[in-house]
Amino acid sequence: MKPADDIDNSLAEAGLDTLAVRAGQHRSAEGEHSEALFLTSSYVFASAAEAAARFSGDQPGNVYSRYTNPTVRTFEERIAALEGAEQAVATSSGMAAILSTCMAFLKSGDHLVCSRDVFGTTTVLLDKYLSKMGVETTFVPVADLALWEQSIRPETKLLFLETPSNPLCEVADIAALAKLARAQDVLFIVDNCLCTPALQKPLALGADLVVHSATKYLDGQGRCLGGVVCGRSELVNEVLSFIRSAGPTMSPFNAWVFLKGLETLRLRMDAHSANAQQLAEWLQQQPAVEQVFYAGLPDHPGHQLAARQQRGFGGVLSFRVRGGREQAWKVIDSTRILSLTANLGDAKTTIVHPATTTHGRLNDQQKKASGITENLIRVAVGLEDIEDIKNDLLHGLTAI
């Protein structure tokens, strides 16, 4: 069996597809080819001295599965390799990744600036719950660099960005915001959920940390919940310290499932992007459609920027139908193949009404500011035959 060090060294210059299949695996004495699943809550030490050294951090090794687990570590090392990060730490969900990052770096009296068009639950977390702890958030339009800069105060500790945004696919200039963050000495965190490292590398563009909902494209088949934070070791270790104490840890089984998902990440993201591009262009031709939001369309305001900083445009799009909620619901309810569910990143195409689901907890003012109208529909384009997706949507579009 090849030594683990030899395997690691041979991957130093490997491409993304190779890293997605090979990175992070350290075979046990059993010589397993597939990654092993370690379903254990605790670990046995050779002596009391070794136990003390492990718990203090003086000696590397497993301590307790709330803190360390070999299967979870394999996932962490693999996603870190894909993102070009020094280190990664896995969490129980994507929201746990965001919460853990905020808890690691923010305290009462601090301030953060966040892109306005983020996942609805992110808005609720920051605006409702972090505010209880004395942390204030200013929400700004994704692409308005001047307003990002104007919103920074002496007490600002971090900038939080989701790009492309969910569900309107708005795009921010990551490199420009990274430059701004460095100049103002604040942390810059990017939610890379919709693109994944297969399509976008925020750390290479200057971000300090990247967060993911592994539940989405990193898994790719809607099987498990998980999240991850990637970046420099000094920063990731701060997040890890919170996770060790608070416990929003990824389960070993979920990590094992995500490892299988990562093996096909680029292939899937390319296929999602190709299907979404075709569907977006087709939707623009439908009389019942008022507007389509997808950065792959040349008339999208962020098209040129997305083409520059992304390798592809991703699988999520949204569109407004002519009318209001009644018409949007009629389109959704008329589909027979598409899955009516709020998840995205699945091999199966999903459709949802953001105003009453993913962004339903936002107040009317927040919805209006974020462009979440009653006639808006989000589609996370899957891997089915594109003509079948079109035909399924056509049932509803011709009914309104």
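The values are calculated or read from the model by the stated rules, or taken from the named source; none is laboratory data. Predicted, not measured: the structure shown is a model, and the values here were computed from it. Here the Cβ is made from the backbone with ideal geometry for all residues, glycine too, and neighbour counts use every protein chain on show. The protein model used for the area step is the full one, side chains on, heavy atoms only, and it has no ligands, DNA or RNA in it. Shrake-Rupley method; radii C 1.70, N 1.55, O 1.52, S 1.80 Å.
Can you confirm whether the range 42-61 contains a residue that is closer than 30 Å to residue 136 by Cβ, in contact with a Lys or Arg (Cβ under 7 Å, 6 or more places away or on another chain) and not β-branched (Val, Ile, Thr)?
So far as the range 42-61 goes, no, none of its residues is closer than 30 Å to residue 136 by Cβ, in contact with a Lys or Arg (Cβ under 7 Å, 6 or more places away or on another chain) and not β-branched (Val, Ile, Thr).
Quick check on my filter: what residues within the range 109-124 are at pLDDT 95 or above, within 18 Å of residue 170 (Cβ to Cβ) and of a type outside the set (S, T, N, Q)?
113, 114
For the range 1-15, how many residues are part of a helix (DSSP H, G or I), at pLDDT 60 or above and open to solvent by less than 40 Å² (accessible area, probe 1.4 Å)?
0
Could you run through the range 279-303 and say how many residues are in a helix (DSSP H, G or I) and surrounded by fewer than 16 Cβ atoms within 10 Å (Cβ to Cβ)?
Qualifying residue count, the range 279-303: 1.
Pick from the range 311-368 the residues that are acidic (Asp, Glu) and within 28 Å of residue 271 (Cα to Cα): which of them is most open to solvent (accessible area, probe 1.4 Å)?
For the range 311-368, the residue satisfying everything is 333.
Across the range 369-400, which residue is surrounded by the most Cβ atoms within 10 Å (Cβ to Cβ) among those that are at pLDDT 95 or above and small (Gly, Ala, Ser)?
Looking at residues that are at pLDDT 95 or above and small (Gly, Ala, Ser), I get 380.
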